[in-house]
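In what follows, a single structure is set out as structure tokens and then discussed.
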Amino acid sequence: MTDKKHITVTVLGSTGSVGKQVLASIDKYPDRFKVVGLSAFTNEKLLRDQIDKYAPKHYYYPAGGVEIQSSLFDFLDDEKFSSKCVGSLEELAEYPCDILVSAVSGIAGLWAAVATLKRGGILAIANKETIVCAGRHLKALEKKYGGKILPLDTEHSAIQQCLAGEDEKYVKNVILTASGGALRDLPVEKLAKVTAKDALNHPVWNMGKKVTIDSATLFNKGLEVIEAMHLFSLPPEKIKVVMHRESIIHGMAEFSDGSVKALLSVPSMSLAIESALFYPHKAKDSVPELDLAKIGELNFSAPDTERYPCLALAMKAARMGEGACIALSAADEVLVDAFLNGSLRFNDIPTTLEKVLAKFGKVKEAALEDIYGIDAEARKYTYSVGVK
Ligand SMILES: NC(=O)c1ccc[n+]([C@@H]2O[C@H](COP(=O)([O-])OP(=O)(O)OC[C@H]3O[C@@H](n4cnc5c(N)ncnc54)[C@H](OP(=O)(O)O)[C@@H]3O)[C@@H](O)[C@H]2O)c1
């Protein structure tokens, strides 16, 4: 520990939806946690407020140091004025802290995750694109340097908890639940006309834009299947998806004797976040009490493949290999951006992903150093075939 009194935490992507929720959880326990690192990409105002509040030792902001506005009395507390802007996310991750939370979006989080594990650190990771593209390498680094990967995705956090203490030889399947996203009740023939505003209106979860659109296409669940494959060292056929609109059961593990363990809670990311921050202990009241009698019923169904072609494409990529997974994840970032800015139709997301998959299926295993290259090629190709 760098600060003996506190558990020290760096939050990458502190200005995003997950990053802000992590800081809100930390705020509940000021005597337990101390924020020592923060990062933003475009939101200078919020980063400035966060630096003012937490006085981290280091922060990363690509445009350089931010001017810190302090209240009149704060000038006595000169700690925050020594907050230093570093040159990259990776450099920030190299500084010691007890837990590094990676809540950046996209492949930008790759080298920071690698740096954390290379110093044997605890990596609490929401940044699913990094796990999708480099999960095999991250698991190898975890083993080699004695660090720990703690997933912040609610489903994977739930499954990790279901698997705790179990012998992996008895694990038959793991099961991810899916709420179905904003368009789950819209007739399939109307999907062609949906706007970004329609697709961003998630019925259960309040998340960043990219992950909310990915929930509407269910590509997000496909990424989660690939994530689960790496995190739990399972082949793709042992990872199942079930639709569950109430989002009360987050993840399950099925064992050789036919038994199934599930983790249930009121839907809130706080449980996964605080499970990681307190690991291996438990926090107090991360989420409100679950009143099953009041909820009354829980519903389950198989995913509708006509409504959600992106799920099948991601699962196909999982079977094809790492090149396909990296390319599909990169292409989806481009396509979701284009859909959000109105230059692509909703139904063009799966049709373009299909073309990307046909082109980038060959690489079974990708070296860490080759990931950015495949990612860049896939983006270029996506622009050439799908995005004006
Ligand atoms: N939201 C959820 O509930 C949820 C749940 C599970 C997993 N996840 C995963 O968690 C990650 C973050 O999701 P989110 O919803 O919190 O996203 P978000 O709200 O868009 O926030 C992304 C964060 O990353 C920063 N960022 C974006 N691009 C960057 C780049 N190129 N370099 C450095 N920093 C960059 C942003 O900075 P600025 O804001 O300053 O631009 C922001 O702090 C994603 O991988 C997502 O799939 C999210």
Extreme residue, farthest from the ligand (Cβ to nearest atom), among residues of segment 89-107 that are at pLDDT 95 or above and in a helix (DSSP H, G or I): Glu94
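Please state which one of Ala126, Ala140, Ala158, Ala115 is closer than 26 Å to Glu237 by Cα and surrounded by fewer than 24 Cβ atoms within 10 Å (Cβ to Cβ).
Values: Ala126 fails: surrounded by fewer than 24 Cβ atoms within 10 Å (Cβ to Cβ); Ala158 fails: surrounded by fewer than 24 Cβ atoms within 10 Å (Cβ to Cβ); Ala115 fails: closer than 26 Å to Glu237 by Cα.
On inspection, the qualifying residue turns out to be Ala140.
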Go through the residues of segment 136-143 one by one and say whether even a single one is touching a Phe, Trp or Tyr at 6+ places or on another chain (Cβ under 7 Å) and not assigned by TED's automatic domain parsing to the domain that holds Ser268. no
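Residues are listed down the side, and each one gets a yes or a no for (1) hydrophobic (A, V, I, L, M, F, W, C); (2) over 19 Å from the mean Cα position of the chain (by Cα); (3) under 25 Å from Asp285 (Cα atoms); (4) crowded, with 17+ Cβ neighbours inside 10 Å:
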{"site": "Lys197", "(1), (2), (3), (4)": "no, yes, no, no"}
{"site": "Ser215", "(1), (2), (3), (4)": "no, no, no, yes"}
{"site": "Leu223", "(1), (2), (3), (4)": "yes, no, no, yes"}
{"site": "Glu254", "(1), (2), (3), (4)": "no, yes, no, yes"}
State which residue is nearest to Lys210 (Cα to Cα) when the search covers only segment 12-55 and only residues that are more than 14 Å from the ligand (Cβ to nearest atom) and acidic (Asp, Glu). Asp27
When restricted to Leu176, Leu223, the only residue within 16 Å of the ligand (Cβ to nearest atom), under 19 Å from Leu152 (Cα atoms), touching a strand residue (DSSP E or B) at 6+ places or on another chain (Cβ under 8 Å) and not charged (D, E, K, R) is Leu176
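Among the residues of segment 325-340, is any of a type outside the set (D, E, K, R), assigned to a helix (DSSP H, G or I), loosely packed, with under 15 Cβ neighbours inside 10 Å and not assigned by TED's automatic domain parsing to the domain that holds Ser179?
The initial filter retains those residues of segment 325-340 that are of a type outside the set (D, E, K, R), namely 325-331, 334-336, 338-340.
Among the residues that remain, those that are also assigned to a helix (DSSP H, G or I) are: 325-331, 334-336, 338-340.
The next check asks that each one be loosely packed, with under 15 Cβ neighbours inside 10 Å; those that pass are none.
Looking for residues that are of a type outside the set (D, E, K, R), assigned to a helix (DSSP H, G or I), loosely packed, with under 15 Cβ neighbours inside 10 Å and not assigned by TED's automatic domain parsing to the domain that holds Ser179, one finds none in segment 325-340, hence no.
Please verify whether Tyr170 is in contact with a strand residue (DSSP E or B) (Cβ under 6 Å, 6 or more places away or on another chain), over 30 Å from Ala216 (Cα atoms) and in the same structural domain as Gly258 (by TED's automatic domain parsing), treating the condition exactly as stated. Let's see the steps before the verdict.
Details: in contact with a strand residue (DSSP E or B) (Cβ under 6 Å, 6 or more places away or on another chain): yes; over 30 Å from Ala216 (Cα atoms): yes; in the same structural domain as Gly258 (by TED's automatic domain parsing): yes.
So Tyr170 passes the test.
The values are calculated or read from the model by the stated rules, or taken from the named source; none is laboratory data. Predicted model, so just to flag it, every value in this text is computed and none were measured. In this analysis, Cβ positions are derived from the backbone assuming ideal geometry, glycine residues included, and neighbour counts consider all displayed protein chains.
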